[in-house]
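Peer 1: Mind looking over this structure? Questions follow.
Read-outs throughout are calculated quantities, based only on the coordinates presented, and are distinct from any laboratory measurement. Nothing here was measured: the structure is a model prediction, and the numbers come from that model. Note: ideal-geometry Cβ built from the backbone for every residue, glycine included; neighbour counts use all protein chains shown.
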Ligand SMILES: Cc1ncc(COP(=O)(O)O)c(C=O)c1O
């Protein structure tokens with residue numbers, strides 16, 4: 001008998017029973033959006049969890065655009081962003097009226113780090129008005145380093161920590177975290193911004209609500225990026241069970257470390273100490289050969305970040321610097337299944353194919 005197919009991702013959001021108490025509250029209040037009681041409760045709970053003021057939003061793509069708009073960099077200026085990220089980072093920059101300036105990432109972390117950004121600044125083909133560092137698949141971002149960078153260079157910095165629910169830290173900069181269904185803590189769609197600068201967080205909130213001041217006058221540029229009460233309900237139910245969910249993810253991560261080969265290149269990913277929603281490994285013989293081997297074993301894979309932003313048709317026109325490390329990662333990286341439905345048998349099937357891929361000659 002053929003082995004059953006293993007999907008690359010299998011989200012499990014709170015079920016109907018867990019949602020019901022929250023849905024009943026919506027029935028009672030008959031408030032469905034516009035920072036209603038559930039969205040406010042979510043803001044309070046997130047604020048306490050991260051020890052930092054938080055504001056919920058409709059999704060992280062809009063959250064990133066809003067944070068940039070609220071920081072007010074010059075219209076049409078460049079926003080430096082690593083090419084090794086998801087398309088949403090660049091879409092958000094364009095939505096905010098800026099031009100993505102695509103740069104390479106650090107070899108060790110796969111992320112844009114402050115020292116590299118400082119080196120890239122004088123090589124920019126125009127005025128850089130902002131920087132968007134990105135958490136690579138949930139890895140922690142050096143918030144203190146970016147605050148220092150901002151103080152030294154006087155530039156707006158907005159952190160894309162979309163997949164970083166378990167590692168995100170609040171700071172004086174806006175840090176944007178996604179609550180999409182595919183994230184470790186999912187609400188279907190949703191996001192939030194963490195920021196200790198409460199004036200800036202307030203400007204983000206205003207931007208997400210048509211730029212309205214208290215008298216419903218559009219006082220600044222804005223849009224609609226509010227989180228509905230229904231999505232707040234899912235997020236609240238998800239946060240209730242976060243300690244258990246995190247425990248399951250970390251147990252799965254420990255099993256990975258026992259099952260997958262810990263080659264030098266894989267150890268960091270396989271033994272990571274934080275809850276992530278994806279598993280991205282580099283295959284020395286290239287992602288294509290690995291993808292074919294996994295497909296033949298009925299194991300779904302995904303190139304979550306494709307070839308990097310500079311290879312997407314929508315961003316090919318964007319100014320960029322050479323990016324050997326992004327190209328290297330894009331050529332080798334493949335996302336393998338990583339979710340709560342993987343049992344020991346599925347993990348061993350994945351590990352067997354992964355081991356066979358390592359034997360392929362580059
Ligand atoms: C790096 C990165 N930035 C931004 C986003 C966009 O998040 P959302 O789906 O909440 O708009 C994602 C989504 O996966 C992402 O991976």
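Peer 1: Once a ≥ b ≥ c are taken as the square roots of the eigenvalues of the Cα gyration tensor of region 79-121, is the result rounded (a/c under 1.5), prolate (a/b larger than b/c) or oblate (a/b not larger than b/c)? Please list the in-between numbers first.
Peer 2: Numbers: a/c = 3.25, a/b = 1.59, b/c = 2.04.
The shape class here is oblate.
Peer 1: Rounded to the nearest 0.05, what FRET efficiency do residue 87 and residue 215 give with R0 = 51 Å and r taken as the Cβ-Cβ distance? Could you check?
Peer 2: Efficiency for this residue pair is about 0.85.
Peer 1: Could you identify which residue out of 133, 322, 313 has the top mean-square fluctuation in a GNM of the chain using Cα springs shorter than 10 Å?
Peer 2: Between 133, 322, 313, it is 313 that shows the largest mean-square fluctuation.
Peer 1: Here's another thing I want to ask about it. How far apart, in nanometres, would the label points at residue 2 and residue 106 be if each is projected 7 angstrom from Cα along the Cα-to-Cβ direction?
Peer 2: 4.5
Peer 1: Where the centroid of each part is defined by its Cα atoms, how far is region 106-147 from region 288-302 in Å?
Peer 2: 32
Peer 1: Using a 10 angstrom cutoff on alpha carbons, build the Gaussian network for the chain and name the most mobile of 280, 59, 224.
Peer 2: 224
Peer 1: Give the Rg/Rh ratio for region 6-145, taking Rg as the radius of gyration of the Cα atoms and Rh as the Kirkwood radius, to two decimals.
Peer 2: 1.06
Peer 1: Return the ratio Rg/(2.2 N^0.38 Å) for region 227-334, where Rg is computed over Cα atoms only.
Peer 2: That ratio works out to 1.36.
Peer 1: Kindly provide the helix-only [θ] at 222 nm of the chain, computed as the sum of -39,500 (n - 2.57) over DSSP H runs of four or more divided by all residues, to the nearest 500 deg cm²/dmol? If you can, show how the numbers build up before the last one.
Peer 2: Working: 13 runs with 149 residues, N = 362.
Value at 222 nm, helices only: -12500 deg cm²/dmol.
Peer 1: Rounded, prolate or oblate: which fits region 237-293, taking a ≥ b ≥ c as square roots of the Cα gyration tensor eigenvalues, rounded meaning a/c under 1.5, else prolate when a/b beats b/c? Numbers along the way, then the final one.
Peer 2: Details: a/c = 3.13, a/b = 2.03, b/c = 1.54.
Cα axes put region 237-293 in the prolate bin.
Peer 1: Build a GNM of the chain with springs between Cα atoms under 10 Å: which of 271, 263, 253 gets the top mean-square fluctuation?
Peer 2: Among 271, 263, 253, the largest mean-square fluctuation in the Gaussian network model of the chain belongs to 263.
Peer 1: Sticking with this structure for a sec: When averaged across all projection directions, what area in nm² does the alpha-carbon convex hull of the chain cover?
Peer 2: Details: hull surface 75.4 nm².
The Cα convex hull of the chain, projected and averaged over all directions, gives 18.9 nm².
Peer 1: Pop a pseudo-label 7 angstrom from the Cα along the beta-carbon direction at both residue 359 and residue 27 and give the gap in nm to one decimal.
Peer 2: 5.9
Peer 1: Could I ask something else about it? For the pair residue 15/residue 49, report the inter-label distance in nm, with labels modelled 7 Å from Cα in the Cβ direction.
Peer 2: Once both label points are built, they end up 2.2 nm from each other.
Peer 1: How do 127, 49, 55 line up, fewest other C-beta atoms within 10 Å first?
Peer 2: Ordered by Cβ neighbours within 10 Å, fewest first: 127, 49, 55.
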